[in-house]
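Have a look at the structure below before the remarks.
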Amino acid sequence: MLIVMKPQASEEDVRRVCEKIASMGFRAHPMPGAQRTAVGITGNPGALDPEEFETLPGVAEAIRVSKPFKLVSREVKAEDSVIRIGPPGSDVTVGGRELALIAGPCAIENRQQARAAAAAVRKAGARMFRGGAFKPRTSPYSFQGMGEEGLEILAGIRSEFGLLIVTETIDPENCDLVEKYVDVLQVGARNMQNFSLLKRVGRSRLPVLLKRGMSATLDEFLMAAEYILSEGNYNVILCERGVRTFADHTRNTLDLSVIPAVKALSHLPIIVDPSHGTGKRDKVIPLARAAVAVGADGLIVEVHPDPDRAASDGYQSLFPQQFETLVEQASAIAGVLGRTIALDPGASVSSAAVAEKI
Ligand code: PEP
Ligand code: MN
């Protein structure tokens, strides 16, 4: 059930509604919107009586939510969510008119490699840096990541380059460690339905980047996000990273049609990973262009200073120069749609220069 408050409802009115929900043994989720606040209810085993709430001061109406997912749904929040990243005062966001750009190597391999990658992606304008310290690999014999040492390197990148850090957390205990070092917790495709991890990141104060499982339907994807919101963390960024099909000219099939489908159903931002989505370097730039054209809220791209020697995913990692080309072309396409890519002010690619070209 969703309690829709009147536009003029006071904070006190919202608090009273939340208290009433708590006294019934359920959980209240106040969602402030541009026009009015809505309060979602979770934890109720069956339908509730709207009259219980409609008599409270400040309540406009109590409505039944028709979708299986509640808190991620546009029925609960009509406007697009804009997720703030980083410490208080940071102006980095995901969602809204500006597209976010996250880039870096698949895995942190050593300090020198991480610094070279950070310098390259920052030069091209990225404001967020990606890199795995814990890698859930298909084979137990493949490189598993540097662990806590990798997190320390990432923290160093944050202070030296001013880039905000996105990295993967692989299980609930691991999350205790990872959240001490980074700005965004990534839940990988293989963990999209690791429900104890989803609940754990749902209790974190950090935003979560949730990657779509490689065979997840749209409903399963949104339900995974619902797990995180239901624990009280509303800062979720969805990520399309390709799904498993019969096609063998790519590693995965990047399902760009999911972007408008998500936008119709949910207020959460969705970004695209054209690196894992194709698995092939020569297809990353074309699919990044297409992702922007279809309405993605940002891109997460693997970039390595020396892809041929990368410990993981080298064949899909861009050379730094290629990443600059990607940023230029993606910015031009964003411009056609009346959007911009949020670039670092010192970037070699400037939005103004791109705007002049088109
Ligand atoms: C990654 O981002 O390096 C990664 C492992 O991604 P995915 O979970 O999408 O495979
Ligand atoms: Mn990778």
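The values are calculated or read from the model by the stated rules, or taken from the named source; none is laboratory data. This structure is a prediction, so every number in the text was calculated from the model and none was measured. Here the Cβ positions follow ideal geometry from the backbone for every residue, glycine too, while neighbour counts run over all protein chains shown. Each accessible area value is taken on the protein alone, full model and side chains, heavy atoms only, with ligands, DNA and RNA left out. Shrake-Rupley method; radii C 1.70, N 1.55, O 1.52, S 1.80 Å.
In order along region 197-212, the Karplus-derived 3J(HN,Hα) couplings, from 6.51 cos²θ - 1.76 cosθ + 1.60 at θ = phi - 60°, round to 5, 4, 5, 5, 5, x, 9, 7, 8, 8, x, 10, 9, 9, 8, 6 Hz, and Gly and Pro are given as x. Computed about its Cα centre, the charge dipole of region 2-63 is approximately 220 debye, with only Lys, Arg, Asp and Glu carrying charge at their Cβ. Dipole magnitude for region 83-357: computed about the Cα centre from +1 point charges on Lys and Arg Cβ and -1 point charges on Asp and Glu Cβ, it is near 240 debye.
Largest GNM mean-square fluctuation among 249, 304, 267, using the chain with Cα springs under 10 Å: 249.
Summing charges over neighbours of residue 272, with a neighbour being any other residue whose Cβ is under 11 Å away from its Cβ, gives 0 when K and R count +1 and D and E count -1. Taking 139, 90, 159 in turn, the Gaussian network model of the chain (Cα-Cα springs below 10 Å) assigns the largest fluctuation to 139. Measuring nothing but how far apart in sequence close Cα pairs (under 8 Å, 6+ apart) lie, relative to its length, region 219-262 scores a relative contact order of 25 percent. Proximity of backbone amide H atoms, modeled 1.01 Å from N, is registered between residue 31 and 38, 39, 40 at under 5 Å, excluding neighbours fewer than 5 places apart on the same chain. Averaging 1/r across all pairs of distinct Cα atoms in region 215-264 and inverting the result yields a Kirkwood radius of 12.2 Å.
Phi angles across region 11-28 convert, under the Karplus curve 6.51 cos²θ - 1.76 cosθ + 1.60 with θ = phi - 60°, into 3J(HN,Hα) values of 4, 4, 4, 5, 4, 4, 5, 5, 5, 4, 5, 4, 5, 8, x, 10, 10, 9 Hz, Gly and Pro given as x.
Which whole-number percentage describes the relative contact order of region 259-343, with Cα contacts under 8 Å and a sequence gap of 6 or more?
Working: 107 pairs, mean separation 23.8, N = 85.
Taking the mean separation of contacting Cα pairs over the length of region 259-343, I get 28 percent.
Pairs 123/199; 67/211; 135/280; 6/263; 67/199; 77/199: which exceed 31 Å Cα-Cα? Provide the component values of the computation, followed by the final result.
Details: 123/199 37 Å; 67/211 21 Å; 135/280 19 Å; 6/263 26 Å; 67/199 21 Å; 77/199 22 Å.
Pairs exceeding 31 Å: 123/199.
Please report the carbon-and-sulfur percent of the accessible area for the chain; probe 1.4 Å, protein heavy atoms only, DNA, RNA and ligands left out. Carbon plus sulfur share of accessible area: 51 percent. Ordered by solvent-accessible area of protein heavy atoms (1.4 Å probe), largest first, the residues 77, 123 come out as 123, 77. Using the Karplus relation 6.51 cos²θ - 1.76 cosθ + 1.60 with θ = phi - 60°, the per-residue 3J(HN,Hα) values for region 293-307 come to 4, 7, x, 5, 8, x, 10, 10, 10, 8, 10, 9, x, 8, x Hz, with x marking Gly and Pro. The residues of the chain expose on average 41 square angstrom of accessible surface per residue, using a 1.4 Å probe on protein heavy atoms. Region 130-171 and region 1-78 have Cα centres spaced 39 Å apart.
Amide H contacts under 5 Å for residue 236: 208, restricted to partners 5 or more places along the chain or on a different chain, H placed in the peptide plane at 1.01 Å from N.
Work through the residues other than residue 46 whose Cβ is under 15 Å from its Cβ and net out their charges, Lys, Arg +1 and Asp, Glu -1. Before the final figure, lay out each step's value.
Details: positive: 64, 70; negative: 49, 52.
Neighbour charge sum, excluding residue 46 itself: 0.
Springs join every pair of Cα atoms under 10 Å in this Gaussian network model of the chain, and among 82, 272, 336 the largest mean-square fluctuation is at 336.
Take every Cα pair under 8 Å whose residues are at least 6 apart in sequence, average their separation, divide by the length of the chain, and the relative contact order is 16 percent. Backbone amide hydrogens, once placed in the peptide plane, bring residue 107 within less than 5 Å of 132, 312, excluding anything fewer than 5 places away on its chain.
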